[in-house]
Amino acid sequence: MPETYRWEVRESGLAGQTFDLEGPRRRYDALRVPLPGRHQVENSVLAVAAAEAAQEQGFALDTAAIRRGLAEVTWLGRLQVVQDRPRIIVDGAHNPAGIATLVAFLVEHRTALGRLILVFGVLQDKDWATMLRRVAPLADAVVLTRPPTERGAEPAVLAPAVEGHASVAVAADIARALTLAREMASPEDTIVVAGSLYTVAAALRALGMTSDGMTREPVGD
């Protein structure tokens, strides 16, 4: 992160964030990015710094273009709210660092989420024990499932990592896992789908949404 940039978040919610930014070239008041998660503010600051560097190289990027670019950004499968009542959030966190970011978001907005039902499907070669140890304590219920790939971990193997943290159910595939989670949830509750980009892509398909480009998940952590 460029040390010469300073920012302050004015508002942070499930629909995005507003922040003030001051850098070596200019100050921006009330920049809006429609992405939840405090890490997306840091990403936005990096984007502004890159845009300003491009300006110095002769690219025609004025302040209005920078504001518009941030305001119109989308990020499929990353803390993406795809449904309300119950709220469904899909997040492609597939390693401990990604889960830590998800956990930070859930902790920040815990009071607005109602009961939390976690749908979790992960690949065998990931550090799923650490991932579940970090996120499962936040959930009221966990539905373990298997991503649609030969690399997917069997839910029964994952179950011991969740025991003692939340009630656990097992579903053979993502569509069934979502059905089960919806049966558990009231309209005010939140279902979070995480663990793998394969899991998120399958969830989006099950919900009738596009998932193009969602399954290019790297091997390892």
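The values are calculated or read from the model by the stated rules, or taken from the named source; none is laboratory data. Keep in mind that what you see is a predicted model, and the values were worked out from it rather than measured. Cβ atoms come from the backbone with ideal geometry, glycine included; neighbour counts cover every protein chain shown. Note: accessible area is taken over every heavy atom of the protein model, side chains too, but ligands, DNA and RNA are not part of it. Shrake-Rupley method; radii C 1.70, N 1.55, O 1.52, S 1.80 Å.
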For this session: Kindly indicate which of 52, 11 is open to solvent by 40 Å² or more (accessible area, probe 1.4 Å) and not aliphatic (A, V, I, L, M).
Result: 11
For this session: Report whether or not residue 45 is among the β-branched types (Val, Ile, Thr) and closer than 16 Å to residue 14 by Cα.
Result: no
Problem set entry | Set 175, 156: member being surrounded by fewer than 17 Cβ atoms within 10 Å (Cβ to Cβ), touching a helix residue (DSSP H, G or I) at 6+ places or on another chain (Cβ under 6 Å) and among the hydrophobic types (A, V, I, L, M, F, W, C) | 175
Exercise. Is at least one residue of the range 198-215 open to solvent by 60 Å² or more (accessible area, probe 1.4 Å), charged (D, E, K, R), at pLDDT 95 or above and closer than 25 Å to residue 75 by Cα?
Worked result: no
Seminar exercise, completed: Taking the range 110-132 and the residues there that are without any contact (Cβ under 8 Å) to a residue 40 or more places away in the chain and within 17 Å of residue 196 (Cβ to Cβ), the one that is most open to solvent (accessible area, probe 1.4 Å) would be 124
Exercise. Among all residue pairs at least 6 apart or on different chains, which show Cβ distances below 6 Å where the first residue, located in the range 56-69, is outside any helix (DSSP H, G or I) and the second is not charged (D, E, K, R)?
Worked result: 61/51; 61/54; 61/55
Exercise. Within the range 156-168, can one find any residue that is of a type outside the set (Gly, Ala, Ser), in a loop (DSSP other than H, G, I, E, B) and under 18 Å from the mean Cα position of the chain (by Cα)?
Worked result: no
Exercise. Mind checking whether some residue in the range 112-123 is out of contact with any strand residue (DSSP E or B) (no Cβ under 8 Å at 6 or more places or on another chain), more than 18 Å from residue 183 (Cα to Cα) and not hydrophobic (A, V, I, L, M, F, W, C)?
Worked result: no
Exercise. Out of all the residues in the range 180-190, is one or more at pLDDT 95 or above, of a type in the set (Asp, Glu) and surrounded by 19 or more Cβ atoms within 10 Å (Cβ to Cβ)?
Worked result: yes
Exercise. Yes or no: residue 78 basic (Lys, Arg), at pLDDT below 90, open to solvent by 50 Å² or more (accessible area, probe 1.4 Å) and touching a strand residue (DSSP E or B) at 6+ places or on another chain (Cβ under 9 Å)?
Worked result: yes
For this session: Please find, within the range 81-102, the residue that is nearest to residue 14 (Cα to Cα) out of those that are open to solvent by 30 Å² or more (accessible area, probe 1.4 Å) and assigned to a helix (DSSP H, G or I).
Result: 101
For this session: Go over the candidates 107, 143 one by one and state the one that is in contact (Cβ under 8 Å) with a residue 24 or more places away in the chain and part of a strand (DSSP E or B).
Result: 143
